[in-house]
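Each value in this text was obtained by applying a stated rule to the coordinates, not by laboratory testing. None of the values given here were measured: they were computed from a predicted structure. When we count neighbours, we look across all protein chains shown, and the Cβ atoms used for this are built from the backbone with ideal geometry, even at glycine.
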Amino acid sequence: MSDTSLASPTPIASVRVLWAKVDTGFWVAHRGGEYFGCVDAVAGGFVARDAHGVPIGRYDALETAKSSLRSTTHPANESRRRLIDRASLVAATTVGGTALALGLTAGALAPLL
C-alpha cells in the first residue's frame, strides 16, 4: 500500500539558492535549508567560498561571485569531478602496480648480483 501523503523529495539541483546579507560586505547562501557557502567583500572585489569554507575564487562583481557558488555543484560539474576522481584512481593504481612489480623484480634479482 503506498502512502500518497508523503511528498516526493525535490532534486537538490532544482532548489533555489537563497542569499542573506548578514554583515557589511558578507553574504551567506542557503539551499534546501542547508548552508551552501558565502561571499565576502575584500579590497578590490569579492571572494566566494563553498559550503566547506574552501575559496572558489576572487571576482570583481558581487553577482559573479554569487553565481560561481552555484556552478561548483552543478550536475555537469559533478560528473566532470567524478570523471577526474576516476582518472586519478586509475593513475594511482597503475603507479602502485608498477612500483610493486619493480620491487618484486629487484627482490628476485638481488641474490644474482
Point to revise | Computed lengthening from ALA101 to ALA61, 0.36 nm per intervening residue step minus Cα-Cα distance | key: 9.1 nm
Practice item. Could you give the size of the charge dipole of the range 15-73 about its Cα centre, using +1 on the Cβ of each K and R and -1 on the Cβ of each D and E, expressed in debye and rounded to the nearest 20? Key: 140
Study note, to complete from the structure: Exposure proxy check on TYR35, TYR59: fewest-to-most Cβ neighbours within 10 Å is TYR35, TYR59
Study note, to complete from the structure: Here FRET efficiency (C-beta to C-beta, ASP85 to GLU34, R₀ 30 Å, nearest 0.05) is 0.85
